[in-house]
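To keep things clear, I will list the structure first and then write my remarks on it.
All of the numbers you see were taken from the coordinates with simple rules; none came from a lab. Everything numeric in this text was worked out from a predicted model, so none of it was measured. Cβ placement follows ideal geometry from the backbone for every residue including glycine, while neighbour counts extend to all protein chains displayed.
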Amino acid sequence: MPNNNRKGVILFIVLAVIILVVSLSTVILRIMLSQASLTHHQVSRIQAQYVARAGVIYAAEMLRTGSWTFSPVNSCPNSSPCVVSDTNFPTSVVNQQARVIFCPSGSTCQYSSSPCSPPTGSNFCINSTAVFTPPT
């Protein structure tokens, strides 16, 4: 008789251990998936930041070479589109483009909360934005 009671107790111990292992595995898996999603979001955001910086550099180069000239607040130079597109931009950046915005000294540009303070020798600022696709 005592041997049968031990078998019953061992069965409950084994079931408890299995439930514990499955529960811990589920928690660890959820943490890993959450971290992966956060990492993807962070990478996409950083890529969009560099695309926006590329837009500013492109606009500065177009101004330097004379292909563009400065025009009024929040408009594109020479009435050309203020969109810098490149097939090498990351796919996480919506439409793989950066929008370039020009604004005169002291005014507040679109997508900016502080007034423009251009560098010495310039009377306008160049701002750029890029939209990224957050993880779903």
Q: Round to the nearest 0.05 the FRET efficiency obtained for Thr133 and Val27 when R0 = 30 Å and r is the Cβ-Cβ distance.
A: 0.55
Q: Please give the length that would be gained between Val9 and Thr39 if that part of the chain were fully extended, namely 0.36 nm times their separation in residues minus their C-alpha to C-alpha distance (nm, one decimal).
A: 6.3 nm
